[in-house]
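In what follows, a structure is listed as structure tokens, so that the remarks can point back to it.
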Number of protein chains: 4
Amino acid sequence: MPADSALPPAPDIVRSAYGTLVVTDLAEARHFWVDLVGFVVTEEDSSALYLRGYDELTHHNLIVRAGPVAAAGALGFRVRSDSDLARAEAYYAALGCRTQRLPAATVRGLGEVVRVEDPLGFLVEFFASAAHPERLQQRYDLRRGAEVARLDHFNISVPDVPKAQAYYAGLGFGLSETIEDEQTVYAAWMYRKQTVHDVAFTGGGGPRLHHLGFFAHEAHSVLRMCDILGSLSLESHIERGPGRHGVSNAFYVYLRDPDGHRMEVYTSDYYTGDPDHPVLRWSVHDPRRRDFWANPVVPSWYSDASVVLDLDEAVRPVTELAQTAEVTVGADGFTAPSPAPPE
Amino acid sequence: MPADSALPPAPDIVRSAYGTLVVTDLAEARHFWVDLVGFVVTEEDSSALYLRGYDELTHHNLIVRAGPVAAAGALGFRVRSDSDLARAEAYYAALGCRTQRLPAATVRGLGEVVRVEDPLGFLVEFFASAAHPERLQQRYDLRRGAEVARLDHFNISVPDVPKAQAYYAGLGFGLSETIEDEQTVYAAWMYRKQTVHDVAFTGGGGPRLHHLGFFAHEAHSVLRMCDILGSLSLESHIERGPGRHGVSNAFYVYLRDPDGHRMEVYTSDYYTGDPDHPVLRWSVHDPRRRDFWANPVVPSWYSDASVVLDLDEAVRPVTELAQTAEVTVGADGFTAPSPAPPE
Amino acid sequence: MPADSALPPAPDIVRSAYGTLVVTDLAEARHFWVDLVGFVVTEEDSSALYLRGYDELTHHNLIVRAGPVAAAGALGFRVRSDSDLARAEAYYAALGCRTQRLPAATVRGLGEVVRVEDPLGFLVEFFASAAHPERLQQRYDLRRGAEVARLDHFNISVPDVPKAQAYYAGLGFGLSETIEDEQTVYAAWMYRKQTVHDVAFTGGGGPRLHHLGFFAHEAHSVLRMCDILGSLSLESHIERGPGRHGVSNAFYVYLRDPDGHRMEVYTSDYYTGDPDHPVLRWSVHDPRRRDFWANPVVPSWYSDASVVLDLDEAVRPVTELAQTAEVTVGADGFTAPSPAPPE
Amino acid sequence: MPADSALPPAPDIVRSAYGTLVVTDLAEARHFWVDLVGFVVTEEDSSALYLRGYDELTHHNLIVRAGPVAAAGALGFRVRSDSDLARAEAYYAALGCRTQRLPAATVRGLGEVVRVEDPLGFLVEFFASAAHPERLQQRYDLRRGAEVARLDHFNISVPDVPKAQAYYAGLGFGLSETIEDEQTVYAAWMYRKQTVHDVAFTGGGGPRLHHLGFFAHEAHSVLRMCDILGSLSLESHIERGPGRHGVSNAFYVYLRDPDGHRMEVYTSDYYTGDPDHPVLRWSVHDPRRRDFWANPVVPSWYSDASVVLDLDEAVRPVTELAQTAEVTVGADGFTAPSPAPPE
């Protein structure tokens, strides 16, 4: 879909800005996200938390709200100006997608929001203005947990990776890296801001949210996060890692919150802002693509993801993986991984 | 000069891309920049080195070339497209500045270049295309020294900071931070790419290059750089730091090369890509502005800088500081610092 | 065997000092240990390498020598004085063990050596004096790879952990940590120098050398080691980790050399020099004992170890695990782990 | 005084264990030591705090108690056994020093204590047994501030360094490093535990306590301590550093508490347990001896130190530096440093 001439102009997206997680026990979720992981509470009430990292200069990077079923709510993208909100409405209408315009402050801390069911089945929110809370970048005295700085990216599970890639290319996203073979693209990383990604696609049943990725400045923050969880015998929240990704070169760890929502603490990254930024294409046969140090990917990392809500707050049905592949070199090659051995 | 309607459109600058240093002994300079600091040699001959950091995907971040007098040559900015080269010619012509168009490969590794004597007296080069050498981001086996990733910024010494700020605002640069009081702006940081700066201004005699700032991923790379210099009894190359800047929040060290050119190893930084990115204004009275840990700034850091060349390779005369200030709270307040005590 | 009155006095052991590995291809081994891991070559010839870490002030921490079969040679312990060599001869004679006295310089860089087949079946060498090569602690310019500082410990695989513990208690070793349940000691850590261990016992077929542990100062050196191996597509040398041990609290990674010999890069550790140093006893049921972050232990880590040589250079036969245990909570509980799933 | 045959046997000292600081405002001191630096409170009442680092397995590393005048109280050394207490009494009696025997629990958390006015004029306490509080080594969830692990050393200011060195040699301390020239020893580092030092001597007016050194595991903890102080505009507590010492190779920072008592956060260090451990002798002319990176030593670091109390709680008079030196190469050469320039 890059620059489809039949479509009106796409909104000018600045960056991925926030995720929304629906949790079944808000107090437990607060303990995880605030006390353990160390997010800053910008605002909260009995039904929701508005959280941000220490570098974030706008209202939130994460909304955690109570609901009957654990699910992912809207993915929030910042657009350049108010006129991009109207552009978003027209663009998605042309794509045949339902949209809603929400008055300012309907989503706390934000101006008007255009909420959309996107063609991949995800709920997406666009906003052009946000409140600026107190700047905490240099409040080292307050830092806790993983010392998360800001949202880095959304990773979504989709049954058809090339379709997802084409849709985001139509929104002006650049391509930084892929996992592929001659027939198939198994995964792709795309960006608007000048990092490796704002969004990435993992082949699998979808629409589901695979994880929210949050940036931390140094590797020792990843290690500290793990140490804190081990200290409290909560190490079962650590799903995968720490490790080095081949893709993106980031040092990472994946955690699962009490409802099973997955988050990544993500460090390192690199600049992608040049107009001819070269794509890095990983062979699906290179064992370093997912883990540069040859640690196996745990099966749950491929199988589990959060279901997503639609505009009516209903859980979207999940379509199984639609792609086929000749190669069967692990879950990226779309074979079901074997169960883990008992330790 | 923001959006001066009398001027033709400014070129669309993507980022600061490379600096040029003229050195009096190329072999000594190579030892410093390559063997000690650890830059990658993309290309070299008997008169010049083309160096890059490990993350850089284009030909160079630094040109070191032999010459009769130690001086700074051109500061290189990448522009978005070839049409921006013509835009640059027209823009600077309208400003009354001399320009040159250099054929492709005149500057090695680059396409056509427009070279300009800018209104502040600096030699600036614009280019739209560059060769892509081997990707070394994940060649940890090759990393040495400070493990510099890429160029981060130019810091220039100018006699009139507000004039420099207005000129760069006219080129579309955003403002991230300042040091100021009610009467005076003592220093300012401005960006095109989504970091704290591509260019910064230090009040002082100018035009002179204060330093080239290079990004490293983690603080331990800064410490390692210092340790290597100490190991070899070359610690006198360390001019200031390591320390934490108040401005930009970066962890830094400043080194001087064998000709006295200053470079900074710069870590941390933060995202500035939002359209309404809020300016952080430091009071000149806050002792943390220059060093967050209260370490005094060594006098040479305020007094010394590299003279710059013009289009004819002549050294530009230096104009002394033109601003006056009521306050005298250190060199940022434009008082001459006292000499250092003997240890 | 603590203070068995029927025995003559034990030699006063200062610390674990070096390991000996017999390799089938010395050039390949040199590439691994020197070029990749970064050991310093104190001395070498066509049949052996004498290697040390950057902090080591004596001749070697590791001897790598060519031989027909991959095996572990002698474990070297430093004793306090020359008189401890005679004490060692008498002590082991009383234990019914074969001993040899080697003239000075037979083992390069050492004075006289008493070589022993110890009661556990391991070849052990005692020495009281060693050559002091150039001090490289502050030669950061030379550091490479994991920047190993010194030998930290031997980990040996033995069929009867309590027997090994009693033998080393008889040599005056203190006990720092154990993995146990009410019936069984599954593993134990013992020390002479003031660290968590000079020797540790892993229950399994023995006598075999489980691994040599080398100390590095900071966690980022462990990560760097892994990154270097990944860079060169040699990540299969990484067997387990990086991770945090519950036992000892160290941050670690385990590597396998080209012959399959295992080494650990080991950071953190703690002081154990107080006379009443309290033992830390881990329940075999605490999943954090082996990995504080709940990463599973790969099966090879429990099953594989290096066979050891006797005084005649013959490989010692391996006795299978002699202990039984009610619990079956992983390999520490002496059940065979299941095979790993395909990725 | 090494092995003076006219003296009874010296007590067998295991290690430096705790310092005592008398402060004029206990609440302010608590804020500094506990809230900012992050020490663990083992016990406290209205007049004193008993603090320990996260690795410490005994009752305290630091006693902070209220008093009329800021001063250093006793330096605590652990001895091997109860019999060493009687040995200490006899030894110091033979030296003509006043001693006191304190019943168990007089110093909280300790068994019987022998308190001594030592020949250098310092108050010293010896103890052989101590309470073991909860083990917090792996409670990463509790760590704050500099994450101090344990006491590392005492640094004392003495008018006659060779006299201090001889006195501690008589107590069985080994010598690890010195600063010297052909005529003079300007400073020396001595140890009982297997680290670079338990005690060090800085030439200057004495008896005064120069600083208490506390060990932290990694350099980023030093940086974090500074960042926290800067965050709260308390950066004036940072007196010197961060930096790398030539002597000991440690990465350090020096802080001053609200009463001006100096503490060091000290990382790295190396093993000194071999019987023939080689002394590292730094020339007073090597600028790297005090700072490996050529940062100047601030004058207060040479001039200021805490006065010490005697057995009657009176402040000991200070004797000015008794040594003379030909060379005048900075304060180690015993010249008064010049005042610092205004920033």
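So the values come out like this:
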| quantity | calculated |
| --- | --- |
| Relative contact order [Cα under 8 Å, 6+ residues apart], region A:101-221, whole percent | 26 percent |
| Average partner coverage of C:216-226, which counts Cβ from other chains inside 10 Å | 6 |
| Per residue Cα convex hull volume in Å³ - calculated over the protein assembly as shown | 186 Å³ |
| Cα-based convex hull, chain C, per residue volume (Å³, whole number) | 137 Å³ |
| Kyte-Doolittle mean at least 0.5, axial Cα span of 15 Å or more - DSSP H helices of chain B | B:219-231 |
| Pairwise label distance in nanometres, D:Thr106 with B:Val41, each label 7 Å out on the Cα-Cβ vector | 7.2 nm |
| Whole-angstrom gap from region D:71-113 to region B:33-48, using each part's C-alpha centre | 62 Å |
| Compactness relative to 2.2 N^0.38 Å, alpha carbon Rg of region C:50-124 | 1.17 |
| Three-way shape label, region B:224-272, alpha-carbon gyration tensor, a/c 1.5 | prolate |
| Over region A:1-112: Rg over Rh, Cα atoms, Kirkwood Rh | 1.03 |
| Ranked list, fewest to most other Cβ atoms within 10 Å of each Cβ, for A:Ile156, D:Ile13 | D:Ile13, A:Ile156 |
| P(r) histogram, all alpha-carbon pairs of region C:83-150 included - 5 Å bins from 0, percent | 4, 15, 20, 15, 12, 11, 10, 8, 4, 1 |
| Estimated inter-spin distance, C:Ser233 and C:Arg135, nm [label 7 Å along Cα→Cβ] | 4.5 nm |
| Cα-based shape type of region D:149-270, given that a ≥ b ≥ c are square roots of the gyration tensor eigenvalues and the cut on a/c is 1.5 | prolate |
| Links that overshoot a 27 Å alpha carbon limit, given the list C:Lys193/D:Lys163; A:Lys193/B:Lys163; B:Lys163/B:Lys193; C:Lys163/C:Lys193 | C:Lys193/D:Lys163; A:Lys193/B:Lys163 |
| Nm distances between copies for D:Gln183, ranked from closest, using label points 7 Å along Cα→Cβ | 5.3, 7.7, 8.7 |
| Overall form of region B:91-223 per C-alpha gyration tensor (a/c, 1.5; a/b vs b/c) | oblate |
| Against the rule of thumb 2.2 N^0.38 Å, how large the Cα Rg of region D:44-88 comes out | 1.43 |
| Relative contact order (%) - criterion: Cα under 8 Å, at least six apart; region: region A:101-156 | 21 percent |
| Most to least packed among A:57-64, B:85-92, A:131-138 [average Cβ atoms within 10 Å] | A:57-64, B:85-92, A:131-138 |
| Dimensions (Å) - region C:128-198, Cα atoms, principal axes, largest first | 52, 29, 20 |
| Region B:256-325 - percent relative contact order, Cα under 8 Å, separation 6 or more | 22 percent |
| For C:Val79, residues with placed amide H under 5 Å, excluding near neighbours | C:Val14, C:Phe127, C:Ala128 |
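We did not get these values from a lab; they are worked out from the coordinates using the rules stated. Every value quoted in this text rests on a predicted model; they were computed, and no experiment measured them. Please note: Cβ atoms are built from the backbone with ideal geometry, for glycine as well, and neighbour counts cover all protein chains shown.
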